[in-house]
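I'd like to ask some things about the structure below.
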Amino acid sequence: MALIDEINKRRTFAIISHPDAGKTTLTEKLLLYGGAIHLAGSIKSRKTQRHAVSDWMEIEKQRGISVTSSVLQFDYAGCRINILDTPGHQDFSEDTYRTLMAVDSAVMILDAAKGVEAQTKKLFKVCRERRIPIFTFINKLDRYGKIPLDLLDEIEKILGIPTYPMNFPIGIDGKYLGVFDRQKNIVELFAEDTSHGQRERASEIFSPDDKEVIKRIGQENFDALQEDLMLLDEAGETFDKNKIDAGELTPTFFGSAMTNFGVQNFLEEYLRLAPPPAPRLSSDGIIEPEDEKFSAFVFKIQANMNPAHRDRLAFIRICSGKFERNMTVWHAPTDKLIKLAQPQQFLAQDRQIIDEAFPGDIVGLFDPGIFGIGDTLTDAAHKFKFEDFPTFPPEKFARVQARDTMKRKQFAKGIDQLTQEGAIQLFNQVGAGTESYVVGTVGTLQFEVLQYRLKSEYGVDILMTMLPFEVARWLKFSDDSKVTPTSLRGADRGMFVLDRAENPVLLVENEWALGWISDNNPKLEMSATPFAKD
Ligand code: G4P
């Protein structure tokens, strides 16, 4: 198959949602409808046994949640699908954000009873900043929830993105009978779910003016539907593929992942409208996926995914050209040529060695310790660098040190490794010596992971003291004079630290404290992430 055909059939995306909105269930339905599994429920039941599909690390099993992002690849209706999992626990990590750098679109799941929740907002924001298309699936329509029009309103008001409802539920709350498909102008009525969602659900399709529709749904429901549709046509957005592609309009679907209500239609429409692998910006201009020369970047590094292997994997997203096992590529940060041996792909816990892969695909590479997050790999004949990954502001902080000072060396090594993986951000408190570090993360779960991994991988017990800060600001003076604990007025209102590149950073408890510091240091410039180098 030609490279362009391989590219066009790929869909690489993440499902973003608040915990419990139905991400696992919908993922499973994708596998079910795609034929990758035969009975839904296998993943969920494993999840209840605390072995979810992406449970790789011991800690994930212990907690029954997924800490790391996993990748699933399978075929569906002529498409090659790569789903990148974003952990849904509220204590998620930077890893979650980084995963969104490697996708071409996102599916946002909302619980119809809860609407837009905290985690949805955070993840949505990152997708929005990347301007990737976002498709919304409003889930759990089989039970009581908010009114469909109110949910659309909520998405627009809270997330600031207009919606285009692709379908609209027919019937009354908690007892919907089917959907009206606004694109195809058809009514789809669902049969009773007799398999508890384990098998595909039967449905019947009608033209909207077929007399049978009124007979089936009743005059009242029919009239209510007409009214809602008229409202949507008059006051709602029009369908605009360009806006969808630019992430400025979210096609919205109503359904129930559990009972397979509207699921198949959602999947098919999503795959039809979602973009194939997109071009990427680099130091050499835009790199098109169909560029014959291979390029990729590392978006995630994971050590010890499987205790039996004790290995470290770097996950790359292929951006252009064809990947081949044992190929030699140029590694931008070290300016060296390296051989890509043992490339792996994943379906659930099964790993497979692969021989080739194409733009949009995710490949796990054995990492002898050379890769870092954001590294570019290219064909030796076309060297360039992809744009830098954004860093995400840490919101939780702790002071950590080795319990046994004799283990300082292993401690420093472990901390260094985890920083390189991007699991934590490291700071030094000015004047505090080198015995302890201040560690920043985007979620508190990362501290548990840190503690666990230092112990299991480096044999180091740590002492950890949570710090009361929630906001970090990188600092500089507009006249370029040095920011120090003494030159900054009010430095003692927080903790003055240096990041790994020795840039000054102030940790404070809240935005209010920032306001004081800003008012009292007229030359001060602050940033939630490191300042770009001039
Ligand atoms: P997550 O991965 O986003 O955290 O959500 P997950 O799919 O695990 O779903 C969370 C809960 O919501 C599960 O119930 C699941 O069965 C339920 N759920 C998912 N989709 C639907 C739906 O369309 N309708 C209804 N009514 N429920 C849905 P649970 O009780 O936590 O687990 P389980 O006992 O079903 O395994």
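Quick one: which residues, 5 or more positions from Phe135 or on another chain, have an amide H under 5 Å from its amide H? H modelled 1.01 Å from N in the peptide plane, none for Pro or chain starts.
Ala106, Val107, Met108
If you don't mind, another one. Can you list residues from other chains, or at least 5 along the same chain, whose modelled amide H is less than 5 Å from the amide H of Phe261?
Those lying under 5 Å, H to H, from Phe261 are Ser256.
Search the structure for amide H atoms under 5 Å from the amide H of Val471, placed 1.01 Å from N in the peptide plane, and list their residues when 5 or more places away or on another chain.
Residues meeting the criterion, in which the H sits 1.01 Å from N, are Val508.
Which entries in Lys29/Lys175; Lys157/Lys300; Lys396/Lys455; Lys300/Lys383; Lys140/Lys455 show an alpha-carbon gap greater than 31 Å?
Working: Lys29/Lys175 21 Å; Lys157/Lys300 33 Å; Lys396/Lys455 21 Å; Lys300/Lys383 21 Å; Lys140/Lys455 41 Å.
From the list (Lys29/Lys175; Lys157/Lys300; Lys396/Lys455; Lys300/Lys383; Lys140/Lys455), the Cα-Cα distance tops 31 Å for Lys157/Lys300; Lys140/Lys455.
Considering every Cα-Cα pair within the stretch 88-231, what fraction, in whole percent, is farther apart than 19 Å?
Values: 6094 of 10296 pairs.
Roughly 59 percent, once rounded to a whole number.
What per residue convex hull volume, in Å³, comes out for the stretch 175-218 when only alpha-carbon positions are used?
Values: hull volume 3.6 nm³, N = 44.
Hull volume normalised by residue count: 82 Å³.
Please work out how much length the chain gains when fully extended from Phe531 to Gln410, using 0.36 nm per residue of separation minus the C-alpha to C-alpha distance, in nm with one decimal.
Contour length minus the Cα-Cα distance gives 40.4 nm.
Carbon and sulfur together cover what percent of the accessible area of the stretch 357-451 at a 1.4 Å probe radius?
Details: 1850 of 3760 Å².
That fraction is 49 percent.
Using DSSP to call loops (not H, G, I, E or B), can you name the trypsin sites (Lys or Arg not before Pro) in the stretch 404-450 whose Cβ has at most 13 other Cβ atoms within 10 angstrom? Intermediate results must be reported in sequence, preceding the final value.
Details: sites: Lys407, Arg408, Lys409, Lys413; in loops: none.
When the trypsin sites (Lys or Arg not before Pro) of the stretch 404-450 are filtered for loop state and at most 13 Cβ neighbours within 10 Å, nothing remains.
Quote the FRET efficiency, to the nearest 0.05, computed for Lys339 versus Glu234 with a Förster distance R0 of 60 Å and r equal to the Cβ-Cβ distance.
Numbers: r = 61 Å, r/R0 = 1.02.
Calculated value: 0.45.
Still on this model: Which FRET efficiency, nearest 0.05, do Ile147 and Thr465 yield, Cβ-Cβ r, R0 56 Å?
Working: r = 48 Å, r/R0 = 0.85.
Computed FRET efficiency for Ile147 and Thr465 comes out at 0.70.
To continue, here is another question. Please compute the Kirkwood hydrodynamic radius over the chain, one decimal place, Å, based on all pairs of different Cα atoms.
Working: mean 1/r = 0.0400 Å⁻¹.
After inverting the pairwise mean of 1/r, the radius is 25.0 Å.
Answer rounded, prolate or oblate for the stretch 353-501, using the Cα gyration tensor with square roots of eigenvalues a ≥ b ≥ c: rounded when a/c is under 1.5, else prolate when a/b is larger than b/c, else oblate. Write down the numbers at each step before the final one.
Numbers: a/c = 2.33, a/b = 1.37, b/c = 1.71.
Oblate shape, in that a/c is at least 1.5 and b/c is the bigger or equal ratio.
Kindly provide the GluC sites (Glu not before Pro) of the stretch 427-531 that DSSP labels as loop, not H, G, I, E or B, and whose Cβ sees at most 13 other Cβ atoms within 10 Å.
Numbers: sites: Glu435, Glu448, Glu457, Glu470, Glu502, Glu509, Glu511, Glu525; in loops: Glu435, Glu470, Glu502, Glu509.
Loop-located and lightly packed - Glu435, Glu502.
If you take the charge dipole of the chain about its Cα centre, with +1 on Lys and Arg Cβ and -1 on Asp and Glu Cβ, which of Ser203, Ala513, Tyr270 is farthest toward its positive end?
Ala513
Read phi for every residue in the stretch 140-157 and hand back ³J(HN,Hα) as whole Hz from Karplus 6.51 cos²θ - 1.76 cosθ + 1.60, θ = phi - 60°, with x for Gly and Pro.
Listing the rounded values in order: 6, 6, 6, 10, 4, x, 6, 5, x, 5, 5, 5, 4, 4, 5, 4, 5, 6 Hz.
Against the globular-protein guess of 2.2 N^0.38 Å, express the Cα radius of gyration of the stretch 416-534 as a ratio, rounded to two decimals. Could the numbers behind the result be given before it?
On the way: Rg = 15.3 Å, N = 119, 2.2 N^0.38 = 13.5 Å.
In units of the 2.2 N^0.38 Å rule of thumb, it is 1.13.
Here is a follow-up. For the stretch 431-524, which trypsin sites (Lys or Arg not before Pro) are both in a DSSP coil and crowded by at most 16 other Cβ atoms within 10 Å? Intermediate results must be reported in sequence, preceding the final value.
Details: sites: Arg453, Lys455, Arg473, Lys476, Lys482, Arg489, Arg493, Arg500, Lys523; in loops: Lys482, Arg489, Arg500, Lys523.
Sparse-neighbourhood loop trypsin sites (Lys or Arg not before Pro): Lys482, Arg489, Arg500, Lys523.
Along the charge dipole of the chain, Cβ charges K/R +1 and D/E -1, which of His382, Gln410, Ile4 sits furthest on the positive end?
Of His382, Gln410, Ile4, it is Gln410.
The values are calculated or read from the model by the stated rules, or taken from the named source; none is laboratory data. Remember, it's a predicted structure, so these values are computed and weren't measured experimentally. We place every Cβ from the backbone using ideal geometry, glycine too, and count neighbours over all the protein chains shown. Each accessible area value is taken on the protein alone, full model and side chains, heavy atoms only, with ligands, DNA and RNA left out. Shrake-Rupley method; radii C 1.70, N 1.55, O 1.52, S 1.80 Å.
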